[in-house]
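K.L.:
Below is the structure I would like to discuss, written out as structure tokens.
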Amino acid sequence: NKLFYIILCSILFPLTQLEIDKDKSAIKWKGTKSNGSYHDGLIAVNNSMLNIDSNNILIDGEIIIDMNSIICTDIIDLVGNQNLVEHLKTDDFFSTTNFPTALLKINKVTAIKDNDYRVNGDLTIKNQTHPIEFIANIMVAENMGLASGKIEIDRAKYNIKYKSKSWYPDIGDMFINDIFELYFNLLAVNKDIP
């Protein structure tokens, strides 16, 4: 009966699958220190899909983030820039050799007003998965979708311990804030449409 229901729903309420165009999409990251200074940069998406219903509403999807693509945009000095990027790739932070991708699985999308939606999902970083919620501005029309917003992530939950006050409460003023931010602007298109 359950299989019949799934097949019936797929016939009555067909879904369109949109693929995120990684060349025309951007994710900006920002990490802040205890003194208010910060570093920021960009990170790319890989082979990510969003499912859209017949009313052009986002239902669910998966966004794969390429952790090895991370770059820094605020440090002008090339050596300092490269040192930071390489440090972010080590076990102190994202351990990209062992965990080359992160995954955002979108489970539920709830309309708030206008084009703003509450998105609930599961975020996996370094093989640690935790629920996450954020607000996104989403517009879908003509086999194309645009989404923008900000995600706040508590790195301490994902075993990113370096200078974390959650892991090292006696660190004093030398800590890096556990919350880091991702600002996303994503373009998704129907690859089946020529």
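K.L.:
Which pairs turn up if I take residues in region 169-184 that are under 21 Å from Glu152 (Cβ atoms) and of a type in the set (Asp, Glu) and look for partners that are open to solvent by 40 Å² or more (accessible area, probe 1.4 Å) and assigned to a strand (DSSP E or B) with beta carbon separation below 9 Å, at least 6 apart in sequence or on another chain?
P.N.:
Asp178/Asp154; Glu181/Lys28; Glu181/Lys30; Glu181/Lys150; Glu181/Glu152
K.L.:
Moving on. Quick one: count up the residues across region 14-40 that are assigned to a strand (DSSP E or B), of a type in the set (Gly, Ala, Ser) and more than 14 Å from the chain's Cα centre (by Cα).
P.N.:
1
K.L.:
Before we move on, is Ile179 buried (at least 18 other Cβ atoms within 10 Å of the Cβ) and in contact with a strand residue (DSSP E or B) (Cβ under 9 Å, 6 or more places away or on another chain)?
P.N.:
Judged against the criteria, Ile179 is not a match.
K.L.:
Could you tell me whether any residue of region 154-169 is among the aliphatic types (A, V, I, L, M), under 20 Å from Asn51 (Cα atoms) and either open to solvent by less than 80 Å² (accessible area, probe 1.4 Å) or in contact with a Ser or Thr (Cβ under 6 Å, 6 or more places away or on another chain) (or both)? Explain how you work it out, then say what you get.
P.N.:
Filtering region 154-169 down to residues among the aliphatic types (A, V, I, L, M) leaves 156, 160.
Applying the additional criterion that residues be under 20 Å from Asn51 (Cα atoms) yields none.
Within region 154-169, none of the residues are among the aliphatic types (A, V, I, L, M), under 20 Å from Asn51 (Cα atoms) and either open to solvent by less than 80 Å² (accessible area, probe 1.4 Å) or in contact with a Ser or Thr (Cβ under 6 Å, 6 or more places away or on another chain) (or both).
K.L.:
Just wondering, is there one or more residues in region 67-81 that are open to solvent by 20 Å² or more (accessible area, probe 1.4 Å), among the acidic types (Asp, Glu) and under 23 Å from Leu186 (Cα atoms)?
P.N.:
The answer is yes, given that some residue of region 67-81 is open to solvent by 20 Å² or more (accessible area, probe 1.4 Å), among the acidic types (Asp, Glu) and under 23 Å from Leu186 (Cα atoms).
K.L.:
Return the only residue of Glu86, Glu62 being assigned to a strand (DSSP E or B) and surrounded by fewer than 20 Cβ atoms within 10 Å (Cβ to Cβ). Explain how you work it out, then say what you get.
P.N.:
On the way: Glu86 fails: assigned to a strand (DSSP E or B).
Of the residues listed, the single one that is assigned to a strand (DSSP E or B) and surrounded by fewer than 20 Cβ atoms within 10 Å (Cβ to Cβ) is Glu62.
The values are calculated or read from the model by the stated rules, or taken from the named source; none is laboratory data. On a predicted model such as this, the values are computed, not experimentally measured, just so you know. Note: ideal-geometry Cβ built from the backbone for every residue, glycine included; neighbour counts use all protein chains shown. Ligands, DNA and RNA are excluded from the accessible area calculation, which covers all protein heavy atoms including side chains. Shrake-Rupley method; radii C 1.70, N 1.55, O 1.52, S 1.80 Å.
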